[in-house]
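For reference, the structure discussed in these notes is given below.
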Amino acid sequence: MRILREGDRIKIIDVPEVGKHFLGKTGIVFQPHGTGFDEDDVMVKFDDGGTGYWKEHQLEKTGFSEN
């Protein structure tokens, strides 16, 4: 069961050693689109403009975006 929904604000809390620069980044959850992603992936648009696919256990909900 998915806990995070589109529009939720999140923070990255768990990353592998090679991705430590993502730790603490914040963003907004969006619906995944396109092909080549796992059904359990969560698409995040970061506040600095980047995007990425993450697993829910790597994210912490911090609120809901009003935008």
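The table below gives the values:
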read-out	value
Residue in region 29-42 that is in contact with a Phe, Trp or Tyr (Cβ under 8 Å, 6 or more places away or on another chain) and modelled with pLDDT of 90 or more present	yes
So residue 23, is it touching a helix residue (DSSP H, G or I) at 6+ places or on another chain (Cβ under 9 Å) and not charged (D, E, K, R)	no
Leading residue by the ranking (farthest from residue 5 (Cα to Cα)) among those in region 25-38 that are surrounded by 11 or more Cβ atoms within 10 Å (Cβ to Cβ) and of a type outside the set (D, E, K, R)	37
Residue 41 vs. criteria touching a helix residue (DSSP H, G or I) at 6+ places or on another chain (Cβ under 8 Å), of a type outside the set (A, V, I, L, M, F, W, C) and surrounded by 12 or more Cβ atoms within 10 Å (Cβ to Cβ)	no
Region 45-59 - residue that is of a type outside the set (Phe, Trp, Tyr), part of a strand (DSSP E or B) and at pLDDT 95 or above and, of those, surrounded by the fewest Cβ atoms within 10 Å (Cβ to Cβ)	45
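The values are calculated or read from the model by the stated rules, or taken from the named source; none is laboratory data. The shown structure was predicted, so the numbers you read here are calculated from the model rather than taken from an experiment. Please note: Cβ atoms are built from the backbone with ideal geometry, for glycine as well, and neighbour counts cover all protein chains shown.
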